[in-house]
Amino acid sequence: MPELPEVETVRRDLEKEAIGRRVKSVEVNGNRSIRRHTNKKQFISRIEGQKIDAVERRGKNILVSLGDDYLVVHLGMSGQLLKAAPRDAVAKHTHVTISFTQGGQIRFVDPRTFGELYVVSKEHLAAEAPELAELGFDPIEDVMSWDEFGRRLMNKKVKLKTLLMDQKFVAGIGNIYSDEILWAAGLRYDRGSETVSTQEVRRLYRAMGEVLQEAIKLRGSSLADEQYRDLYGNVGGFSAEHKVYAREGEPCRRCRHTVERVKWQGRSAFYCPGCQV
Ligand SMILES: [Zn+2]
């Protein structure tokens, strides 16, 4: 599933390609991707004729600003936003096509259809999309001192991987980056958040920013089964930099101990038993 670095990459691409463009027409195939709306017309009528004036991100959501409204895009498991020309062949699983008056299109392709698009008014955002209003701090946008971060960790008393993936605590981190951040910090997935020392809090806080920034620089992670692509249809380059994620059985890049994969809370956790404590 695309996490903060992948979503931020697409946001930056969109910012470059779509700001100032006016929506000429919108085509929707099926209702699954726009399931929050009662019908296609209700979705389309709020976008057509609008001009894109900004592209923001909240957690794993892209918020395309259209005057008084946001077009919210959540990529789900396999969603892709792709720049296209009208003459380009339409890929299978293309659910939404947005055409601009200046020419060019943005298409939403999503084989597994967990992703979605919906329009909310900025004024009533909290009521219409409470999950956006409830998101925790953004690890690359929001300024927080590491001691404040440490205080919040102490108060939570949950396992570190659970905490990093809790969107209400910190927004945008999922299964891949929680493992990579914890490796960078030298901390285990199942360490209790209330047990970390001051020094470990600092390491974790620093690792969070560094791993995410590096992943954005390399335009995110694309995995064999998960289909993440940037706006131009290219895969991300950070997968090659993964230290533990999907590297079970391989030597740790820090201590040479074998990286392990454990079943944990319905998903997998990857870690190095040699250097994560
Ligand atoms: Zn190691």
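Brief remarks follow.
- Hits in the range 1-14 (condition: over 16 Å from residue 108 (Cα atoms) and of a type in the set (Asp, Glu)): 3, 8
- Residue match in the range 119-133 (condition: at pLDDT 95 or above, out of contact with any Phe, Trp or Tyr (no Cβ under 8 Å at 6 or more places or on another chain), of a type in the set (A, V, I, L, M, F, W, C) and not in a helix (DSSP H, G or I)): no
- Residue match in the range 63-72 (condition: assigned to a loop (DSSP other than H, G, I, E, B), among the charged types (D, E, K, R), open to solvent by less than 20 Å² (accessible area, probe 1.4 Å) and out of contact with any Phe, Trp or Tyr (no Cβ under 6 Å at 6 or more places or on another chain)): no
- Among the residues of the range 186-198, those identified as touching a residue at least 24 places away in the same chain (Cβ under 8 Å) and part of a helix (DSSP H, G or I) are 193, 194, 198.
- Flag if residue 156 is surrounded by fewer than 21 Cβ atoms within 10 Å (Cβ to Cβ) and not aromatic (Phe, Trp, Tyr): yes
- Residue in the range 30-41 that is in contact (Cβ under 8 Å) with a residue 60 or more places away in the chain, closer than 15 Å to residue 71 by Cα and open to solvent by 70 Å² or more (accessible area, probe 1.4 Å) present: yes
- Residue 179 vs. criteria part of a loop (DSSP other than H, G, I, E, B), within 23 Å of the chain's Cα centre (by Cα) and of a type outside the set (Lys, Arg): no
- Any hit, the range 4-17, residues being out of contact with any strand residue (DSSP E or B) (no Cβ under 9 Å at 6 or more places or on another chain) and polar (S, T, N, Q): yes
- Checked against the criterion of being crowded, with 16+ Cβ neighbours inside 10 Å and over 19 Å from residue 56 (Cα atoms), the candidates 135, 212, 164 yield just one match: 164.
- Hits in the range 220-250 (condition: touching a strand residue (DSSP E or B) at 6+ places or on another chain (Cβ under 6 Å) and crowded, with 19+ Cβ neighbours inside 10 Å): 229, 231, 244, 245
- Restricting the range 251-267 to residues that are more than 8 Å from the ligand (Cβ to nearest atom), at pLDDT 95 or above and surrounded by 15 or more Cβ atoms within 10 Å (Cβ to Cβ), the residue that is farthest from residue 1 (Cα to Cα): 260
The values are calculated or read from the model by the stated rules, or taken from the named source; none is laboratory data. None of these values were measured; they are calculated from a predicted model. Glycine gets a Cβ as well: all are built from the backbone with ideal geometry, and neighbour counts include every protein chain shown. For the accessible areas, the whole protein counts, side chains as well, though only heavy atoms, and no ligand, DNA or RNA atoms are used. Shrake-Rupley method; radii C 1.70, N 1.55, O 1.52, S 1.80 Å.
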